[in-house]
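Data first, discussion second: the structure below is written as C-alpha cells.
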Protein chains: 2
Amino acid sequence: MPDIFMFEKPIGMRDTLPDLFRLKESVRSRMAKETKLYGYRFLDTPSLEFYETVGQVSAIKDQQLFKLLDKEGHSLVLRPDMTSPIARVASSHLLKEGNPLRMAYSANVFRAQEKEGGRLAEFEQFGVEMIGDKTLSADAEVLALLTSVLQAAGLPHYHITVGHIAFVQEMLLHYGGNEEQAGMMRRFLFEKNYVGYREYVMELDLPENSRQILKKLPELKGNAEVLDQALEMMEHGVGTAALYELKTLASMLKKAGINGHLSFDLSLVSHMDYYTGILFEVLGSHIGFPLGNGGRYNELYRNFGHDAPATGFGLRLDRIIEAIGEIDAEEQPLCIIYHEAQQSAAMKKAAALRAEGHAVVTQNIAGIVELDTFTNNFTNIVYMLDSDGWEAGS
Amino acid sequence: MPDIFMFEKPIGMRDTLPDLFRLKESVRSRMAKETKLYGYRFLDTPSLEFYETVGQVSAIKDQQLFKLLDKEGHSLVLRPDMTSPIARVASSHLLKEGNPLRMAYSANVFRAQEKEGGRLAEFEQFGVEMIGDKTLSADAEVLALLTSVLQAAGLPHYHITVGHIAFVQEMLLHYGGNEEQAGMMRRFLFEKNYVGYREYVMELDLPENSRQILKKLPELKGNAEVLDQALEMMEHGVGTAALYELKTLASMLKKAGINGHLSFDLSLVSHMDYYTGILFEVLGSHIGFPLGNGGRYNELYRNFGHDAPATGFGLRLDRIIEAIGEIDAEEQPLCIIYHEAQQSAAMKKAAALRAEGHAVVTQNIAGIVELDTFTNNFTNIVYMLDSDGWEAGS
C-alpha cells in the first residue's frame, strides 16, 4: 500500500512547511497593515468561478486555466487572478454611483503548468484595486502605496519601472508600419529580448528614420528626463498625450517624495491585454522574475456592465519571500516533559505561563518514542517526573 | 454583453465582503494565537492533490470531491479536508523517529454540492493535528486546546460532547446481532434521529434485554457519572476498555480544571470512518450544525507508510463566525479630499498620519463621481481645496 506516489503532489504544487509559513505570515501581515493605513479594505472571493464569468474575462491565457465541470455540467475555473473576481463582486455589490472604491486582497491564484519546471501552479498574490477613479492621482496613489508596501515587506532592494501602454502602441504602430509588425515588436519587448527586437526592426522594410527611432525605444529608460527625450524624438502628436500623463505623474510622485525606487521604461509592455494606460513592473535584485506588476485598466468593467476606470497592482508573495530570504529566529516554546502523575500540575503550570504570553508544549514522557531526538527540538526544557513537581531540565 | 450571468458564482460558493473578511481575520487570529501558545506550528498544503494520494484516503465521500484532470491526465482533487494532506506532508518530511508532532492549519477545503441549498462548497477549516502520541494525555491536550481556542474565538456559548467510537461499535455489535443492523443503528445515531433509532431497535428480532439496553444508549449523556452508569449496564467486558479510557480522560480534564463546557455522549458517532477511539463534537447554541469535531485516528498514517497514532480537531470558521454574529466597530479612516493643486500637501499629511498608525484615505475631488454618496462612507473628512491647505470638513 505505501508507495512513493503517496508522497507526491501535482505539478507545480508546493507545501508550505512551518518556517516558510511563519515568514509568509509575517511579511503578509506587514504588507496588509500598510495597505489598511491607506484605507483599502480586504475581501475574498471563491477559488472556483464560472468559466463564462471570470475565466474568459481574465487576462490569463486559456491554456493556463484549471478547468472542471460542476455537477450540473457548467464549466468552472480555479481563479487565475483576483482582478476579474473583484470586478464581479464590485459590479454586483460595491460600486455605488461609480464612486471610488479601494479594495485589497491576499489570495491564492492558479495557473496550470505543462510540466515540472519550477513554476508554481498555485501561488499567493497580494494586491490592491482602486476602482472608479479616472484621475492620475489614483495612479500616483497606487504607486505610493506600492512603495510603502514593498518597504513594509522588508525587501532589501526593489525597483519600480513605469511605462505607458498607449505610448508603446502608438509609437510601434506609427513607425512600425502595421499592426502585425507592431505585434511582433511588442512580443520581443515583452520578453525583454532587445537583441531580437533590434534585429527584427533592422530587417523591416521601413524608412531609415523609422528604423532608427524604433531602435532607440529600448534605450528610453531612466529618470523623468527620458520623457522629454522621447517627446523630442517623436513626430508631432505621436504618443504625446501618454508622455504628458507620465510627466504629470512623475511630478506628482516627486513632490510627494516617493520617487526614490522608481524609474521610467518607455518600452515596458505586459502579457496582460487589459492595461490601457500607465503600467509598471516591480523588480527585486536577485530574482529573475518580476515581483509583481500593475497599471491602469479602464475597459475590464465593461464586461460586468459598468464604465468604471480602474488601476491597481498585484505582487507575488512567493517571490517577495524569496527576495527577502531570511526570517528572524522564532521564540522557542518552553517544553514541559511530565510523568502522568504530574499531568495536572504540568497542565496548570503551562496554562499560567500561556496566560502571560509564553508558548508552552506539555508532553507526557510516555508519548515520546525517542527522548534524545524529541528534546533536540527544544532549547528550554523542564522535567516534571517526580512527586515534588519541578525539576530543572537540560 | 453584460448579462445577469456575469454576476453569478458556482453552487455553494460565497464572496467574503470586507466586513465579514475583517471579522474572520480577527477571529482566526485570536484562535491562531492561542494555538501557537500550545506550541503547535501552522503549515499549509496545496489546494490540489492527487486523487490517488489524498482523495481516496480522505474520509470525505467520493461524490463530494471536486475532481479534475491535469495536463498529463492524472486525476486531481480539490482538498476535501486538511487531515490527509497533513498526513502526506508529515509522513514525507516531518515525522522523525515517530516522535510527537504538533501541527495546525487554517485553510479552505472543498465539498461539491449537488444543488443550491445553502451548503458551502468551499469553507475555511481551522484545526490541529497531534501526531505520534498514543497516550490519553494527547487527547486531553487536544481537548484543552480546543476549549482555549473556542474561548479565544469569543463564542458566547459552546459545548463539547465527548464519546468513544469503540464503545459504540462494541455495544451495537454485541447487542445488535450483526454488523448490518449495527450499521443501520449507527446511521440513525449519526443523524441524531433518536426516534428513528428507537423504532428501528424495537422492530429488531432481539432478546428483550438487548433491545432495552440498545434503547437506553441515546440517554447515556451527561457528566462523568454516565460512564459508571454505562459500565453497570453492560455485560461483562462489553465496551469496558473504552469506558475506562473515558473515565481516565474525564479525571485528567477535571484535574486540569477544563471540564466546564464539556459533557459525555456515549451515542456519539461520526460521518468520518477514520476515528478509532475518543471522538467529540463542538456545538454552539443557535446553530443547527456542529461547529466542528475531532478525535483519535490511529490508522490513517498506515496509508502513508507510518504506524503513527494521532488525534486532532477541525473547526468550521464560517459557523463559528455565525455563532459569534457581531463585530466591534471598525476604526474609520480619516478621508482627505483635495484639489489637485493640494495633492502633494495632502499626500505628505497622510503619510505623517499613517506613520502614527492612523488610516487615511486621500482622494482627488476630480475622481469623485457623486460627492454626497462618497462622503457618506466616512465620518471624519478634511477638505484641502484651497491654496491655504487645511479646511475642516463635514
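The values are calculated or read from the model by the stated rules, or taken from the named source; none is laboratory data. Since we're looking at a predicted model, the values are computed, not measured. Glycine gets a Cβ as well: all are built from the backbone with ideal geometry, and neighbour counts include every protein chain shown.
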Do you know which residues across segment A:56-72 are in contact with a strand residue (DSSP E or B) (Cβ under 9 Å, 6 or more places away or on another chain) and touching a residue at least 60 places away in the same chain (Cβ under 8 Å)? none
Taking segment A:352-361, which residues are surrounded by 14 or more Cβ atoms within 10 Å (Cβ to Cβ) and either over 15 Å from B:Ala144 (Cβ atoms) or facing chain B (nearest Cβ under 8 Å) (or both)? A:Arg354, A:His358, A:Ala359, A:Val360, A:Val361
Note on B:Ser29: of the conditions (1) outside any strand (DSSP E or B); (2) buried (at least 21 other Cβ atoms within 10 Å of the Cβ); (3) more than 7 Å from every other protein chain (Cβ to nearest Cβ), unmet is (2)
Can you list residue pairs whose Cβ atoms sit under 7 Å apart, with the first residue in segment A:331-342 being on the phi < 0 side of the Ramachandran plot and the second being of a type in the set (D, E, K, R)? Count only pairs 6 or more apart in sequence or on different chains. A:Ile336/A:Lys349
Report every pair of residues separated by at least 6 positions or lying on different chains whose Cβ atoms are under 6 Å apart, first residue within segment A:190-219 and under 20 Å from A:His271 (Cα atoms), second in a loop (DSSP other than H, G, I, E, B) and β-branched (Val, Ile, Thr). A:Phe190/A:Val269
Please specify each residue of segment B:282-312 satisfying the condition of being within 14 Å of chain A (Cβ to nearest Cβ) and either within 17 Å of the chain's Cα centre (by Cα) or among the aromatic types (Phe, Trp, Tyr) (or both). B:Arg296, B:Tyr301, B:Phe304, B:Thr311
Go through segment A:113-133 and report how many residues are of a type outside the set (S, T, N, Q), in contact with a helix residue (DSSP H, G or I) (Cβ under 8 Å, 6 or more places away or on another chain) and either crowded, with 22+ Cβ neighbours inside 10 Å or modelled with pLDDT of 95 or more (or both). 10
Please determine, by comparing only the residues of segment B:277-288 that are assigned to a loop (DSSP other than H, G, I, E, B) and at pLDDT below 95, which one is surrounded by the fewest Cβ atoms within 10 Å (Cβ to Cβ). B:Gly288
Go through segment B:96-108 and give me each residue that's buried (at least 21 other Cβ atoms within 10 Å of the Cβ) and more than 18 Å from A:Phe21 (Cα to Cα). B:Asn99, B:Pro100
From the list B:Leu65, B:Leu37, exactly one residue is touching a Gly at 6+ places or on another chain (Cβ under 7 Å) and more than 14 Å from A:Lys9 (Cα to Cα). Which is it? B:Leu65
Can you report the number of residues in segment B:177-186 which are among the charged types (D, E, K, R) and either touching a Pro at 6+ places or on another chain (Cβ under 6 Å) or surrounded by 15 or more Cβ atoms within 10 Å (Cβ to Cβ) (or both)? 1
Take the residues of segment B:66-116 that are outside any loop (DSSP other than H, G, I, E, B) and among the charged types (D, E, K, R): which is farthest from B:Gly39 (Cα to Cα)? B:Lys67
Would you be able to tell me the number of residues in segment A:14-23 that are at the interface with chain B (Cβ under 8 Å from one of its Cβ atoms), in contact (Cβ under 8 Å) with a residue 40 or more places away in the chain and either out of contact with any helix residue (DSSP H, G or I) (no Cβ under 9 Å at 6 or more places or on another chain) or buried (at least 18 other Cβ atoms within 10 Å of the Cβ) (or both)? 1
When you go through B:Gly154, B:Gly196, B:Gly237, B:Gly222 one by one, which is the residue that is farther than 24 Å from B:Thr311 by Cα, surrounded by fewer than 20 Cβ atoms within 10 Å (Cβ to Cβ) and either within 25 Å of the chain's Cα centre (by Cα) or not small (Gly, Ala, Ser) (or both)? B:Gly154
Give segment A:34-53 a look and list any residue that's over 16 Å from the mean Cα position of the chain (by Cα) and more than 9 Å from chain B (Cβ to nearest Cβ), or say none. A:Tyr51
Restrict the check to segment A:245-252 and report whether at least one residue is under 15 Å from A:Phe167 (Cα atoms) and under 24 Å from the mean Cα position of the chain (by Cα). yes
Can you pull out the residues in segment A:54-68 that are within 24 Å of B:His74 (Cβ to Cβ) and within 10 Å of chain B (Cβ to nearest Cβ)? A:Gln63, A:Phe66, A:Lys67, A:Leu68
With respect to the numbered conditions (1) crowded, with 20+ Cβ neighbours inside 10 Å; (2) over 27 Å from B:Phe313 (Cβ atoms), which one is the sole condition not fulfilled by B:Leu146? (2)
Please specify each residue of segment B:313-351 satisfying the condition of being buried (at least 19 other Cβ atoms within 10 Å of the Cβ), outside any helix (DSSP H, G or I) and within 27 Å of the chain's Cα centre (by Cα). B:Phe313, B:Gly314, B:Leu315, B:Arg316
Expected single match for within 11 Å of another protein chain (Cβ to nearest Cβ), at pLDDT 90 or above, more than 22 Å from B:Gly292 (Cα to Cα) and surrounded by 22 or more Cβ atoms within 10 Å (Cβ to Cβ) among B:Leu76, B:Leu136 is B:Leu76
Run down A:Gly177, A:Gly196 and say which single residue is small (Gly, Ala, Ser) and touching a helix residue (DSSP H, G or I) at 6+ places or on another chain (Cβ under 7 Å). A:Gly196
Determine whether B:Phe7 is in contact with a helix residue (DSSP H, G or I) (Cβ under 6 Å, 6 or more places away or on another chain), under 30 Å from A:Phe50 (Cβ atoms) and facing chain A (nearest Cβ under 8 Å). yes
